[in-house]
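Undergrad: Input: one structure, supplied below.
Computed from the coordinates by the stated procedures, all read-outs in this text should not be read as laboratory data. Remember, predicted model here, so these are calculated numbers, not experimental data. In this analysis, Cβ positions are derived from the backbone assuming ideal geometry, glycine residues included, and neighbour counts consider all displayed protein chains.
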């Protein structure tokens with residue numbers, strides 16, 4: 001591709017059209033040609049339009065740190081990292097598979113963690129109500 005200017009070869013190549021000159025066009029014409037004579041470069045960014053695969057890393061990290069019954073949060077975190085790795089490689093099907101497993105493990109970790117917390121709170125309240133304070 002050549003960067004040198006080429007003459008226009010159209011049906012009106014030598015004839016100037018008789019258009020009404022607008023004020024904005026006149027102001028642009030007064031400014032003239034830009035003073036830079038450097039080559040014009042362009043950048044093209046290709047964005048792939050693939051489906052977004054959620055990897056649930058933040059949710060898994062939360063379950064790992066706070067609600068971790070039977071180490072389900074840690075296992076979910078491992079699957080989330082595998083899902084993110086598959087997504088970075090471009091394997092969308094593998095990423096979806098690992099993300100689905102991580103999501104299932106996160107749900108189980110959350111449910112079991114909340115049940116454990118509810119059972120502990122219920123036991124503490126039951127013990128405090130059953131045994132009055134002795135002075």
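Undergrad: With each label point set 7 Å from Cα along the Cα-Cβ vector, what nm distance links residue 81 and residue 124?
TA: With each label placed 7 Å out from Cα toward Cβ, I get 3.2 nm.
Undergrad: Let me ask you something else. Pulled fully out, how much extra length does the chain show between residue 74 and residue 91, if you take 0.36 nm times their separation in residues and subtract their Cα-Cα distance?
TA: Extra length available between residue 74 and residue 91 comes to 3.8 nm.
Undergrad: While we're on this one: Given 0.36 nm per residue, what is the gain on full extension from residue 42 to residue 114 after removing their alpha carbon distance, in nm?
TA: Contour length minus the Cα-Cα distance gives 20.4 nm.
Undergrad: To continue, here is another question. With all pairs of different alpha carbon atoms counted, what Kirkwood hydrodynamic radius in Å does segment 57-130 show?
TA: Here the Kirkwood hydrodynamic radius works out to 13.1 Å.
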